[in-house]
Amino acid sequence: NLAMIKDFVKIGGGILALIICSATNILAADNNIIGTWRLISMKSRDTITEIESNTWGENPLGFITYTAGGRMSAILTNANRSISADSAGSASIEEQAMLFRNSFAYAGRYTITNDGVIHHVDIAADPTWMAKDQIRFARIEGTKLIISSPPIKSVTSQNPIEFSVVWERIE
């Protein structure tokens, strides 16, 4: 009986490992990540102070798109931005700084991994991101794409920040 139990554990463990491996790469299965997603929420956590906040308010705006050809682009912004000038170009330096600090955009190629996705940044609002990889943990839950980051530099804090961003599929 002990030999039968050992054989069952070996087989059962193999099946469990297969199920776990399949689940960890759910983004790659059937190209689930391909499409356009609307920003639902964006939270940040300061890794030193552990203070959590809604980055850019309760209802941030943004879209992220993944193409079948391996390209991605993202734009995120605080919905409550406003300036007194007729255009951003004629706004005061302070207002221009606020616009920059309350929005972000980047684009490039992407690679699906077992843990999520790597964004290979070709162009970004912050030039220090260009030609660099942004590693993201990601999972799909129904119509939601949840992406989180390891600790990264941010314009909103001197300390590293971990972000958790929820997107909803729109196409």
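Rolling a 1.4 angstrom probe over the protein heavy atoms with all chains in place gives segment 87-153 an accessible area of 55 Å² per residue. The residues packed around His120, meaning those with a beta-carbon under 11 Å from its beta-carbon, carry a net charge of +1 if Lys and Arg are +1 and Asp and Glu are -1.
Taking amide H atoms as placed 1.01 Å from N in the peptide plane, the amide H of Ala91 has no partner under 5 Å among residues 5 or more positions away or on other chains. The listed peptides 114-123, 46-55, 129-138, ordered by packing as a protection proxy, come out as 114-123, 129-138, 46-55 (highest mean of other Cβ atoms within 10 Å first). Taking segment 139-154 and a reference point 7 angstrom along Cα→Cβ of Asn114, the backbone N atoms nearer than 19 Å belong to 139-140, 148, 150.
Neighbours of Ile51 by Cβ distance under 13 Å: Lys/Arg scored +1, Asp/Glu scored -1, total -2. Counting heavy atoms of the protein chains alone, Leu39 has an accessible area of about 10 Å² for a 1.4 Å probe.
Electrostatic tally near Trp129: other residues with Cβ closer than 11 Å to its Cβ, Lys and Arg +1, Asp and Glu -1, net -1. In this simple spin-label approximation, Ser90 and Ile34 carry label points 7 Å from Cα along the Cα→Cβ vector, and these lie 4.5 nm apart.
The values are calculated or read from the model by the stated rules, or taken from the named source; none is laboratory data. All figures in this text were calculated on a predicted structure; none of them were measured in a lab. Neighbour counts are summed over all protein chains in view; Cβ atoms, including those assigned to glycine, are modelled from backbone coordinates with ideal geometry. We work out accessible area using only protein heavy atoms, side chains counted, and drop any ligands, DNA or RNA first. Shrake-Rupley method; radii C 1.70, N 1.55, O 1.52, S 1.80 Å.
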